[in-house]
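The values are calculated or read from the model by the stated rules, or taken from the named source; none is laboratory data. These numbers come from a predicted model, not from an experiment. All Cβ positions, glycine included, derive from the backbone under ideal geometry; neighbour counts span all protein chains shown.
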Amino acid sequence: MPQAGGEGQTIFQQKCTACHTIGSGDLVGPDLEGVVARRDEDWLTRWITTPDQMLAENDPIATQLLQQYNNIPMPNLSLTQSQVAAVIAYLQSTDQGQSLPPVVAAPALPQGDPAAGKELFTGNRRFQSGGPPCMACHSVSGIGVLGGGVLGPDLTQVFSKYGGETGLGTFLSTMPLPTMNTVWGQRPLASQEQADLMAFLGQVAVSERSPEAILQLSALTIIGTAAVLALTHLIWRYRLAGVRRPLVGQRSRALTAQR
């Protein structure tokens with residue numbers, strides 16, 4: 001059990017601490033102190049392994065947790081069965097008071113600069129590790145009308161959703177989600193970059209999209225749609241003209257021959 005608990009502790013620190021604590025209160029998700037006593041082990045195993053599937057099946061406990069915690073779904077972390085078992089063993093060991101290696105606290109981040117964070121987000125400043133700019137996949141208010149990419153979720157409310165500096169700071173340092181870890185696992189953010197991004201995302205200016213930005217985006221959408229329709233009309237007009245001319249010519253020659 002201690003060996004499994006030790007492995008589970010490592011996995012927990014890398015994958016779970018962005019959203020959960022053990023005995024320090026709710027974060028993005030629930031405090032997991034006593035969770036092995038509250039939940040059946042089979043349910044807990046399946047929940048850690050395939051939370052997305054359980055939510056799709058409208059599992060009552062999963063649905064209740066989703067509603068209770070800001071409608072932020074438990075992500076599928078792509079853990080193996082042995083890793084899930086190790087995490088559960090670690091959670092059991094914390095409930096039983098077993099002696100485990102102490103949790104190493106993350107070093108405090110330096111003072112963040114929101115302007116520098118915005119530059120990193122938009123790609124006007126490169127990450128030291130060479131990673132792509134955030135807006136390649138994510139959108140956020142405060143960086144112009146379009147606000148960024150659509151491959152990943154909008155990050156406008158991410159600071160409050162992740163419980164402020166504690167949750168978001170842990171997320172930026174560990175990048176626990178499989179998609180993020182694929183991109184950033186081998187090129188982590190520098191501590192100053194983490195602090196700058198967190199300062200930018202925590203600004204009041206990015207806490208919500210302004211009505212002006214929404215109107216501008218709507219106007220651009222209407223203009224873009226009108227431009228596409230006009231271009232389509234012109235293309236078909238010329239294509240039809242190209243087809244019509246030979247037909248008219250053939251008809252004229254036929255009438256001339258009949259005379």
Would you check which residues across the stretch 145-175 are touching a strand residue (DSSP E or B) at 6+ places or on another chain (Cβ under 7 Å) and over 16 Å from residue 200 (Cα atoms) and list them? 149, 150
If we keep just the residues of the stretch 120-135 that are of a type outside the set (Ser, Thr, Tyr) and in contact (Cβ under 8 Å) with a residue 40 or more places away in the chain, which is nearest to residue 154 (Cα to Cα)? 134
Give me the residue from the stretch 181-197 that is part of a loop (DSSP other than H, G, I, E, B) and touching a residue at least 60 places away in the same chain (Cβ under 8 Å) and, out of that set, surrounded by the most Cβ atoms within 10 Å (Cβ to Cβ). 189
Could you give me the residue pairs with C-beta distances under 6 Å whose first residue belongs to the stretch 152-176 and is touching a residue at least 24 places away in the same chain (Cβ under 8 Å), whose second residue is basic (Lys, Arg) and assigned to a helix (DSSP H, G or I) wherever it lies, and which are 6+ apart or on separate chains? 176/15
Total residues in the stretch 125-154, condition touching a Ser or Thr at 6+ places or on another chain (Cβ under 7 Å) and either modelled with pLDDT under 90 or part of a loop (DSSP other than H, G, I, E, B) (or both): 9
